[in-house]
1. Could you work out the relative contact order of the chain, using alpha carbon pairs under 8 angstrom and six or more residues apart, expressed as a whole percent?
2. Cut-off 10 angstrom, C-alpha nodes, Gaussian network model of the chain. Which of Ser103, Ser65, Ser92 fluctuates the most?
3. Using 22 Å as the Cα-Cα cut-off, could you pick out the over-long pairs in Lys25/Lys67; Lys2/Lys59; Lys51/Lys101; Lys61/Lys108?
4. To the nearest 20 debye, what charge dipole does the chain have about its Cα centre, counting +1 at the Cβ of each Lys and Arg and -1 at the Cβ of each Asp and Glu?
5. Within region 90-123, list the residues whose amide N lies under 17 Å from a label point set 7 Å along Cα→Cβ of Val19.
6. Starting with the highest mean, order 139-146, 3-10 by the number of other Cβ atoms within 10 Å, averaged over the residues of each peptide.
7. Computed FRET efficiency, Cβ-Cβ of Val98 and Ala139, R0 25 Å: what is it to the nearest 0.05?
8. About its Cα centre, how strong a charge dipole does region 53-108 have in debye, to the nearest 20, once Lys and Arg get +1 and Asp and Glu get -1 at the Cβ?
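The values are calculated or read from the model by the stated rules, or taken from the named source; none is laboratory data. Keep in mind it's a predicted model, so treat the numbers as computed, not measured. Cβ coordinates were reconstructed from backbone atoms using ideal geometry, including for glycine residues, and neighbour counts include every protein chain displayed. These area figures cover heavy atoms from the full protein model, side chains too; ligands, DNA and RNA do not enter into them. Shrake-Rupley method; radii C 1.70, N 1.55, O 1.52, S 1.80 Å.
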Amino acid sequence: MKAVIQRAEDASCTVDGAVTGHIGKGLVIYFGVDRGDDESILEKFISKMLKLRIFEDEKGKMNLSIKDIGGEILFISQFTLSADVYHGNRPSFDYAEVPEKASSMYLKAAEMIRNEGIKTELGVFGAHMEIRYMNPGPATFVLDSSCFPGLK
């Protein structure tokens, strides 16, 4: 399971000319499910993501979480995070979870975020999406379940 987490302002997702999600200040999160990931790690993964202190406090130090600032989340499914780009020049998606399971986990993750009281807007799983936002800083973080203890 992977997430690319970017601070954002005025973010939106559009599919076929229709806006499917729009947020003010908060995070754009690209979320990918690797083959073999299961719900047993989802709660810890989401908890870690929401506790990251990646917003500045009054002294300009990254010391505040998404909850601390009352921010919103634009949550986008992103199977390409599971791409193998190390063998050859064309990405292989053999490590991405099958769409049915990945979609289920994406929707479950969004529900978990919403249950934390955070406004969460979505893209459309499997659709061609256009994502627009400003990434102040820029500030971008990668969370990979294989890289920290207790998840895999």
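1. Dividing the mean separation by the residue count of the chain yields 37 percent.
2. Top of the fluctuation ranking is Ser92.
3. Long pairs (Cα-Cα over 22 Å): Lys2/Lys59; Lys51/Lys101; Lys61/Lys108.
4. So the magnitude is around 380 debye.
5. 119-123, by backbone N distance to the label point.
6. Details: 139-146: 14.6, 3-10: 20.1.
Most protected by this proxy first, the peptides run 3-10, 139-146.
7. 0.15
8. The dipole magnitude comes to about 60 debye.
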